[in-house]
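J.: Below is a structure I'd like to ask you about.
The values are calculated or read from the model by the stated rules, or taken from the named source; none is laboratory data. Everything numeric in this text was worked out from a predicted model, so none of it was measured. Because the Cβ atoms are built from the backbone with ideal geometry, glycine has one as well, and the counts that use them run over all protein chains shown. Note: areas computed on protein heavy atoms with side chains; ligands, DNA, RNA excluded. Shrake-Rupley method; radii C 1.70, N 1.55, O 1.52, S 1.80 Å.
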Amino acid sequence: MSVSFTEEQLAAGRRLFNGSARFRLGVAQLEQLPELDRVEVAFAGRSNVGKSSLINGLTGVNGLARASNTPGRTRELNYFDVGSEDALTLVDMPGYGYAKAAKKDVKQWQQVLKGYLRGRVGLSRAFVLIDSRHGVMTPDIEMFEMLDDAAVPYQLVITKCDKINRHELAELEAETLAHVKKRAAAIQQVHLTSAERGFGMDELRAEVASLI
Ligand code: GDP
């Protein structure tokens with residue numbers, strides 16, 4: 001099932017993301033993680049899934065998450081503070097599944113990600129982005145497993161919905177949900193988005209606002 005919100009919830013989302021997002025820090029090693037003193041939500045997905053575009057679209061700050069990065073290049077957990085009251089932090093997790101990344105780097109990064117997810121008690125939610133043109137792929141399933149192991153509640157977000165038609169989208173939504181149906185920590189609702197068209201942004205903002 002996709003998600004619907006009341007006008008009031010949508011308005012709360014818009015208020016929260018009032019255009020004042022800023023970069024706080026990049027974390028390359030677990031020791032650098034800041035104290036968890038506000039609601040934190042993380043965004044994960046394969047390289048090129050549209051994660052930077054989604055974060056830019058949500059916050060309304062163009063270029064906040066460098067939109068055209070070399071796939072797989074970003075190797076830090078990037079922290080962004082949102083809103084004027086420091087109530088929310090978005091964490092941009094490094095894109096995974098980049099075929100050209102060296103095995104050694106991948107291993108090292110998986111350790112950091114696992115350490116982050118397991119150790120971040122109180123992480124409110126992880127959003128796992130799925131490209132509408134590819135659907136759920138093996139590296140995504142590895143991410144679901146990591147999140148289930150760490151008991152982090154996670155929700156799937158389909159990106160680039162403008163790339164497929166309505167009928168395909170309904171099918172993809174059902175297929176995507178089937179992948180997480182039996183997964184312990186997965187939320188059984190997906191968000192449908194297109195950062196390019198601004199579609200689904202208000203709903204995702206409302207979802208995040210509901211966590212505060
Ligand atoms: P990241 O590597 O996950 O951060 O992905 P980017 O945000 O850099 O996007 C990867 C590519 O997908 C870029 O060429 C974007 O222009 C494109 N893209 C991102 N979001 C959308 C979208 O909603 N619709 C379409 N059609 N393309 C998108």
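J.: Can you tell me how many residues within the range 110-152 are in a loop (DSSP other than H, G, I, E, B), of a type in the set (G, A, S) and either surrounded by fewer than 16 Cβ atoms within 10 Å (Cβ to Cβ) or over 14 Å from the mean Cα position of the chain (by Cα) (or both)?
T.: 4
J.: Can I ask one more? Among the residues of the range 60-84, count how many are touching a Lys or Arg at 6+ places or on another chain (Cβ under 9 Å), at pLDDT below 85 and open to solvent by 20 Å² or more (accessible area, probe 1.4 Å).
T.: Residues that pass the stated criteria total 3.
To keep it simple, each residue is scored yes or no on (1) touching a strand residue (DSSP E or B) at 6+ places or on another chain (Cβ under 8 Å); (2) among the aliphatic types (A, V, I, L, M); (3) open to solvent by 80 Å² or more (accessible area, probe 1.4 Å); (4) farther than 20 Å from V82 by Cβ.
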{"residue": "F5", "(1), (2), (3), (4)": "no, no, no, no"}
{"residue": "L10", "(1), (2), (3), (4)": "no, yes, no, no"}
{"residue": "R15", "(1), (2), (3), (4)": "no, no, yes, no"}
{"residue": "G26", "(1), (2), (3), (4)": "yes, no, no, no"}
{"residue": "Q29", "(1), (2), (3), (4)": "no, no, yes, yes"}
{"residue": "E35", "(1), (2), (3), (4)": "no, no, yes, no"}
{"residue": "V39", "(1), (2), (3), (4)": "yes, yes, no, no"}
{"residue": "A42", "(1), (2), (3), (4)": "yes, yes, no, no"}
{"residue": "S47", "(1), (2), (3), (4)": "yes, no, no, yes"}
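J.: If I filter the range 173-207 down to residues being open to solvent by less than 30 Å² (accessible area, probe 1.4 Å) and part of a loop (DSSP other than H, G, I, E, B), which single residue comes out as nearest to the ligand (Cβ to nearest atom)?
T.: T193
J.: If you go through the range 88-108, how many residues are open to solvent by less than 30 Å² (accessible area, probe 1.4 Å) and over 14 Å from G45 (Cβ atoms)?
T.: Looking only at that region, the number is 3.
J.: Restricting the first residue to the range 142-171 and requiring it to be at negative phi and among the acidic types (D, E), which pairs with a second residue that is open to solvent by 50 Å² or more (accessible area, probe 1.4 Å) and part of a loop (DSSP other than H, G, I, E, B) meet a Cβ separation below 9 Å and a spacing of at least six or different chains?
T.: Filtered contacts from the range 142-171: E145/R183; D148/R183; D148/A184; D162/E196; D162/R197.
J.: Which one of these does T159 not meet: (1) open to solvent by less than 20 Å² (accessible area, probe 1.4 Å); (2) away from the ligand (no atom under 12 Å from the Cβ); (3) under 16 Å from N56 (Cα atoms)?
T.: That leaves (2) as the condition not met.
J.: Scan the range 28-68 for residues that are in a helix (DSSP H, G or I) and of a type outside the set (D, E) and jot them down.
T.: Residues satisfying the conditions are L30, Q32, K51, S52, S53, L54, I55, N56, G57, L58, T59.
J.: Would the range 161-171 turn up any residue that is under 16 Å from the mean Cα position of the chain (by Cα) and of a type outside the set (D, E, K, R)?
T.: Scanning the range 161-171 turns up at least one residue that is under 16 Å from the mean Cα position of the chain (by Cα) and of a type outside the set (D, E, K, R).
J.: Return the pairs, sorted by first residue and then second, in which the second residue is aliphatic (A, V, I, L, M) and open to solvent by 50 Å² or more (accessible area, probe 1.4 Å), the first residue lies in the range 24-52 and is touching a residue at least 60 places away in the same chain (Cβ under 8 Å), the beta carbons are less than 6 Å apart, and the residues are 6+ apart or on different chains.
T.: Final answer for the pair search is V39/I212.
J.: Tell me, please, whether a residue that is assigned to a helix (DSSP H, G or I) and of a type in the set (S, T, N, Q) can be found in the range 15-27.
T.: Among the residues of the range 15-27, not one is assigned to a helix (DSSP H, G or I) and of a type in the set (S, T, N, Q), which makes the answer no.
J.: I would also like to ask the following. Which one of these is touching a residue at least 60 places away in the same chain (Cβ under 8 Å) and within 16 Å of the ligand (Cβ to nearest atom): L88, L16, L58?
T.: The unique qualifying residue is L58.
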